[in-house]
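Bear in mind that the values in this text are calculations on the coordinates, not laboratory data. Computed from a prediction, not measured in an experiment: that's the story for all the values here. Here Cβ is always computed from backbone atoms with ideal geometry, including for glycine, and neighbour counts include all displayed protein chains.
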Amino acid sequence: MLKKFFVLLLAVVFLSFGVIPVYATPPGQEPGWWVHTTGPANPAWTNIQDDIDDRILELIDEYGVGEKGDKGDKGDPGKDGLDGKDGINGLDGKDGLDGKDGKDGLDGKDGINGLDGKDGLDGKDGKDGEDGVGVPEGGTTGQALVKKSADDFDTEWVDILTKEDLLPIIETNAMQGTQISNLNSRVSELEKSQLIFGLNIRIADTKKTMWEAFADYSVTRSQIDRYGLRVTYEEKLIEDLLNRIIELESKVSY
């Protein structure tokens, strides 16, 4: 078997390297192995089928198959095959039937009622306790007992405030509440940005004072915010000017 394979291998090598180049059958020619010669403009074609067949026969005669040999020794054991995949788990068995409930036990008999115990003896009367501090004497209609200090039992009678007594306080609180509400509204308005027009009118001037009437009108709130009379005292300014004049006169005299 090995010799036959070797002969075929030589035939292939011969065809591949012994004849260059080998082509399929040209048009109009018989089937076979055709060689295309190179060189001229119109190259000739040569069929070498018979030469190849003769060469193959020579190789077969030279390296032909001999007689059948003896049976060879047993080969080494092959490698273990791959493990098979795990089988699919079987279906769970059905649950068994529930057993029957056992019978209830018999109720026990009620015990016999015990005999009533005898009444106990009456206890002796206790001694009377000492008199407590109690409520101080005095007091009249419309008064209540109140603490005078943090000391125990330090109390006195005082008049209770009636609705008439509380009425002035209630009215004062209501008036103050209104005033506080007005002040809050006023503060809220003043916190907003406003457009103010101011007017100053000079009324009179002296050497030391200047009299002006002024008024500020809020366009945002459509009302006059401030007005009044402003007096500016300029004694300090005049003194500074006089000192400057004296200083300049002294320099000019030099």
- Item | Cβ-based net charge around THR155, under 13 Å, with every Lys or Arg adding one and every Asp or Glu removing one | -3
- When GLU156, GLU247 are ordered from fewest to most other Cβ atoms inside 10 Å of their Cβ, what list results? GLU247, GLU156
- Message: Roughly how far apart, in whole Å, are the Cα centres of the stretch 117-139 and the stretch 164-180?
- Response: 52
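Do any trypsin sites (Lys or Arg not before Pro) in the stretch 153-225 lie in a DSSP loop with no more than 10 other beta carbon atoms within 10 Å, and if so, which? Before the final figure, lay out each step's value.
Details: sites: LYS163, ARG186, LYS192, ARG202, LYS207, LYS208, ARG221; in loops: LYS192, LYS207, LYS208, ARG221.
Here the sparse-neighbourhood loop sites are LYS192, LYS207.
With +1 assigned to the C-beta of every Lys and Arg and -1 to the C-beta of every Asp and Glu, and no other charges, what is the dipole magnitude of the stretch 110-189 about the Cα centre in debye, to the nearest 20?
Magnitude of the dipole: close to 560 debye.
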